[in-house]
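Undergrad: Before anything else, here's the structure in question.
The values are calculated or read from the model by the stated rules, or taken from the named source; none is laboratory data. Since we're looking at a predicted model, the values are computed, not measured. Every residue, glycine among them, receives a Cβ derived from its backbone with ideal geometry; neighbour counts consider all protein chains shown. With ligands, DNA and RNA removed, areas are computed over all heavy atoms of the protein, side chains included. Shrake-Rupley method; radii C 1.70, N 1.55, O 1.52, S 1.80 Å.
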Amino acid sequence: MYDIVVIGSGPGGYVAAIRASQLGFKTAVVERAELGGICLNWGCIPTKALLKSAQAMNYARHAKEYGFKVEGEVSFDIADIVARSRGVSATMSKGIEYLFKKNKIELISGEAKFISKGVLEVRSQEGNVTKVEASHIIIATGARANSLPFAPIDGEKIISYRQALVPETLPGSMAVIGSGAIGSELAFFYRSLGVEVTLIEYLPQILPLEDEDTAAQVSRSFRKAGMKIMVSAQVKSVDTSGEKCVLTVETKKGEEKIEVDRVLSAVGVIPNTDNLGLENIGVEVDRRKIKVDSLYRTNVEGVYAIGDVIATPALAHVASAEAIACVEGIAGLDVVPVDYDNIPGCTYVTPEVASVGYTEKKVKELGLEYTVGKFPFTASGKAVAAGEKDGFVKLIIDKNTDRILGAHLVGANVTEMLSGIVVARRMGATAKDIMKSVHPHPTMSEAIMEAAAAVHNEVIHI
């Protein structure tokens, strides 16, 4: 009998388990695959390893701009790139294994299913069945790739992010359906390695959750890199019967046929809530997502849910924050709620994208009075010296309170600069607070200070 059992070992599951152990609970984790879940093994981490290789490739191609001579053509080995990526994931997975042992967390390998309240049946890959009982069970099973009904993923011609992360060979051409973080990052990776990429988005802009200025900047950068961008474009069908894939796409100008070697479906994810036996104990689900309260409790006593299986942003850091709040709630501690209005989002293309808070469009919809402060990296000494001039920092400031409604950064390493703004928003800092805080020179982060100063027409640095 355990105090807490967590189903799933992704960034929600393993964080929940570790925090539970720290608080003195007898804890176990049920995991059917690799430790670390999708994020560590098939998402966040391996993707960033691939993108680092793409970035290195781009630097090598532009070596002359930095004063280096490269004799002959810069080439790469896709097998070595993939092997490095898989090695990074394996290393991180072993790190979680170490943390489990350090915190005396028991790992139970297999697939879990509720058979009654507080009781799980765990079936191993070999078919062995174990009964696991716990006072509290946290569901953290994450999500999997979605697919279009007329374009089911076959793993060969139509692939998901899983196949896209481990290509044995590169196609000559690829269509990427969906331009969220996953679609945009993989589109950028494949284009960097020479694949002819067409990025197709149903909505009016790529990166649809980002600010319009951000989307426009990334779109320009993608087109400059030779990528074809299609927005307000709906894929009607994908014909894979021939040697190539033929997509029929409805655009504002009419129907268009696109012929490619491979199609990457990046149209979102589906919560992993099926086959858990939720119906056996009466857990309420709405459109595959588990309904929870502010402490992540379901309608069934002793059963909780966090991460991609509930109706909150499907981000690794959100799942981790929910995990801590959930476990501390079980422990009866004074829980600090997750602030869903202050969740950072990052997309690791080149230039990088980082944002928090409202977009300008959302601010207008809310009818708020606001001012925008913007500073381009073309005016940043550090950015110019680094050869990284694309992008900007844009701050959306409440005209009445001078506080930050939203922040939108595009540029080199901006994902590393965002955390300070997240803290500033949480602490209620104003544009003047940021403007009057001395920033180191020369740095890319100075652009945040300059954007804040622009709100008050006081930009003076370069």
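Undergrad: Out of the residues in region 139-190 that are in a loop (DSSP other than H, G, I, E, B) and of a type in the set (A, V, I, L, M), state the one that is nearest to Arg220 (Cα to Cα).
TA: Leu170
Undergrad: Go through region 385-402 and count every residue that is more than 17 Å from Thr214 (Cα to Cα), touching a Phe, Trp or Tyr at 6+ places or on another chain (Cβ under 8 Å) and open to solvent by 30 Å² or more (accessible area, probe 1.4 Å).
TA: 2
Undergrad: Also, I was wondering about something else. So which residues in region 326-336 are in contact (Cβ under 8 Å) with a residue 60 or more places away in the chain and not in a loop (DSSP other than H, G, I, E, B)?
TA: Those that are in contact (Cβ under 8 Å) with a residue 60 or more places away in the chain and not in a loop (DSSP other than H, G, I, E, B): Cys326, Val327, Glu328, Ile330.
Undergrad: Another question, then. Of all residues being charged (D, E, K, R) and under 30 Å from the mean Cα position of the chain (by Cα) in region 122-160, which is modelled with the highest pLDDT? Just the residue, please.
TA: Restricting attention to region 122-160, the residues satisfying the condition of being charged (D, E, K, R) are 123, 126, 131, 133, 144, 154, 156-157.
So of that shortlist, the ones also under 30 Å from the mean Cα position of the chain (by Cα) come out as 144, 154, 156-157.
Details: Arg144: 92, Asp154: 93, Glu156: 93, Lys157: 96.
That would be Lys157.
Undergrad: Val238: in a loop (DSSP other than H, G, I, E, B), on the phi < 0 side of the Ramachandran plot, at pLDDT 95 or above and crowded, with 21+ Cβ neighbours inside 10 Å, yes or no?
TA: Working: in a loop (DSSP other than H, G, I, E, B): no; on the phi < 0 side of the Ramachandran plot: yes; at pLDDT 95 or above: yes; crowded, with 21+ Cβ neighbours inside 10 Å: yes.
Against the criterion (in a loop (DSSP other than H, G, I, E, B), on the phi < 0 side of the Ramachandran plot, at pLDDT 95 or above and crowded, with 21+ Cβ neighbours inside 10 Å), Val238 does not qualify.
Undergrad: Follow-up. Of the residues that make up region 189-198, is at least one in contact with a Gly (Cβ under 8 Å, 6 or more places away or on another chain) and within 23 Å of Tyr358 (Cβ to Cβ)?
TA: no
Undergrad: Out of the residues in region 369-386 meeting the condition of being aliphatic (A, V, I, L, M) and in contact (Cβ under 8 Å) with a residue 60 or more places away in the chain, tell me which one is farthest from Ile397 (Cα to Cα).
TA: Ala383
Undergrad: Can I ask one more? List pairs: first in region 150-165 and on the phi < 0 side of the Ramachandran plot and of a type in the set (D, E, K, R), second assigned to a strand (DSSP E or B) and modelled with pLDDT of 95 or more, Cβ under 6 Å, 6+ apart or cross-chain?
TA: Qualifying pairs under 6 Å: Lys157/Cys245.
Undergrad: Looking only at strands (runs of 3 or more DSSP E) that fall completely inside region 14-132, which ones have 1 or more residues that are surrounded by fewer than 18 Cβ atoms within 10 Å (Cβ to Cβ) and either touching a residue at least 12 places away in the same chain (Cβ under 8 Å) or among the small types (Gly, Ala, Ser) (or both)?
TA: So the answer is 106-109, 111-116, 119-123.
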